[in-house]
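Enquirer: Below you will find the structure I want to go over with you.
The values are calculated or read from the model by the stated rules, or taken from the named source; none is laboratory data. What you are looking at is a predicted structure, and each value in this text was computed from that prediction instead of being measured. Cβ sites come from the backbone with ideal geometry, for glycine too, and all protein chains shown count toward neighbours.
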Amino acid sequence: MTITQDHTRPIFPFTAIVGQEEMKLALLLNVIDPQIGGVMIMGDRGTGKSTTIRAVADLLPQIEVIDDDPFNSHASDYDLMSDAAKNRADQGLELSTKFIDVPMIDLPLGATEDRVCGTIDIEKALNEGIKTFEPGLLAKANRGILYVDEVNLLDDHLVDILLDSAASGWNTVEREGISIRHPSRFVLVGSGNPEEGELRPQLLDRFGMHAEIRTVKDPILRVQIVEQRSKFDCDPHTCLEEFRQHQDKLKQDIIAAQNRLSDVIIDYDLRVKISEVCGILDVDGLRGDIVSNRAAKAFAAYSGRNKVQISDIKKVITLCLRHRLRKDPLSTIDSGSKVSQVVDDIFPDEI
């Protein structure tokens, strides 16, 4: 077993990021429970979207993978193994492993379907009878984070592929009757600027959470953000050392929440109220109900509790529902405020 070390340039510490609490919370909940379904971050240019996403990946503990496996296969969990790794395990062969940093994969806007999904060498398959697969970005992102900047400018077909893989946990490539499948479990994070166009509602609904971020208006906060960034750019190692304790504590909190998550319960009456909110808001389908329940449990786990409280639901439900509301061009209030109003009506304040 080996441990690989990353010698790339330092990453801005997550705990040093000032403001943008909504985006930070959505990202943390998705790494605690990847089945929430990813997060769409929409906001102004230059608001730290990319910096925050890279910073949350840096918080996660290293993962153990099978050596020389292009899919980051797990050494013992069959659901996270490639077919080749399963065959070796079934034959009783020893699987050497190593620890790697959680993959953080950027998907460029100009990526082709072959680059995303991977390709099969048809000529070699036909002539030599060997299935030769060149893994794509979905293989590299397995058990990690896949980040798509300007996702609203990405071809809808590719967005569909990403969302399908994220939901099913598998990527299948088929060509000329030859099929190869590999695990593809990742947290899908998309970001974009609403001025450059919105995602189609059918695609937007597939993202678990939707965070909206705006440029900070408070001049004191703006100065603080600029100074923090300047300090890091001048001397990143001193800045990292300054926030090391905060970073270590947050890392431990994430691991504890991941371990506690399966034990967290949410009472039946609270689940009914969540569905009542979705009904009043006329949310299509049941994704809103499911994601709101999952996110509330993840937040309770992150808060160190085994039971969901009303405050947990209020904290996360706007993130889970605002992008699922039908667009009303005549409405004078934004979708987030509309969700908050209904939630306040349905959920009494805790005593």
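Residue by residue, here is whether (1) polar (S, T, N, Q); (2) over 22 Å from L28 (Cα atoms); (3) surrounded by fewer than 16 Cβ atoms within 10 Å (Cβ to Cβ) holds:
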{"site": "E196", "(1), (2), (3)": "no, yes, yes"}
{"site": "R206", "(1), (2), (3)": "no, no, no"}
{"site": "L281", "(1), (2), (3)": "no, yes, no"}
{"site": "S292", "(1), (2), (3)": "yes, no, no"}
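Enquirer: If I ask for residues that are surrounded by fewer than 19 Cβ atoms within 10 Å (Cβ to Cβ) and of a type in the set (V, I, T), which ones from the stretch 133-177 would you list?
Expert: Once the filter is applied, which keeps residues that are surrounded by fewer than 19 Cβ atoms within 10 Å (Cβ to Cβ) and of a type in the set (V, I, T), the stretch 133-177 yields I161, T172.
Enquirer: Taking the stretch 82-125, which residues are surrounded by 14 or more Cβ atoms within 10 Å (Cβ to Cβ), over 24 Å from I178 (Cβ atoms) and acidic (D, E)?
Expert: Scanning the stretch 82-125 gives D101, D106.
Enquirer: Next up: Have a look at D79, D58 and point out the one that is under 19 Å from F243 (Cα atoms) and surrounded by fewer than 21 Cβ atoms within 10 Å (Cβ to Cβ).
Expert: Every option except D58 fails the conditions.
Enquirer: I would also like to ask the following. I'd like to check something: does the stretch 178-188 contain any residue that is in a strand (DSSP E or B), in contact (Cβ under 8 Å) with a residue 60 or more places away in the chain, loosely packed, with under 14 Cβ neighbours inside 10 Å and not assigned by TED's automatic domain parsing to the domain that holds R326?
Expert: yes
Enquirer: Only one residue in R260, R200, R271 is surrounded by fewer than 18 Cβ atoms within 10 Å (Cβ to Cβ), among the basic types (K, R) and modelled with pLDDT of 85 or more, so which one is that? Write out each step before concluding.
Expert: On the way: R260 fails: surrounded by fewer than 18 Cβ atoms within 10 Å (Cβ to Cβ); R200 fails: modelled with pLDDT of 85 or more.
Among R260, R200, R271, only R271 is surrounded by fewer than 18 Cβ atoms within 10 Å (Cβ to Cβ), among the basic types (K, R) and modelled with pLDDT of 85 or more.
Enquirer: While we're here: I need the helices (runs of 4 or more DSSP H) fully contained in the stretch 258-341, keeping only those with at least 2 residues that are of a type in the set (S, T, N, Q). Write out each step before concluding.
Expert: Working: elements: 268-280, 287-302, 310-321.
Hits in the stretch 258-341: 287-302, 310-321.
Enquirer: Turning to a different aspect of this structure: Return yes when L199 is touching a Ser or Thr at 6+ places or on another chain (Cβ under 9 Å), among the aliphatic types (A, V, I, L, M) and not in a helix (DSSP H, G or I) and no when it is not.
Expert: no
Enquirer: Separate question: Give Q247, Q224 a once-over and let me know the one that is outside any loop (DSSP other than H, G, I, E, B) and touching a Pro at 6+ places or on another chain (Cβ under 8 Å).
Expert: Q247
Enquirer: Sort out for me the helices (runs of 4 or more DSSP H) sitting completely within the stretch 89-147 that have 1 or more residues that are of a type in the set (A, V, I, L, M), modelled with pLDDT of 85 or more and assigned by TED's automatic domain parsing to the domain that holds E176.
Expert: Details: elements: 113-117, 122-128, 137-140.
Qualifying helices (runs of 4 or more DSSP H): 113-117, 137-140.
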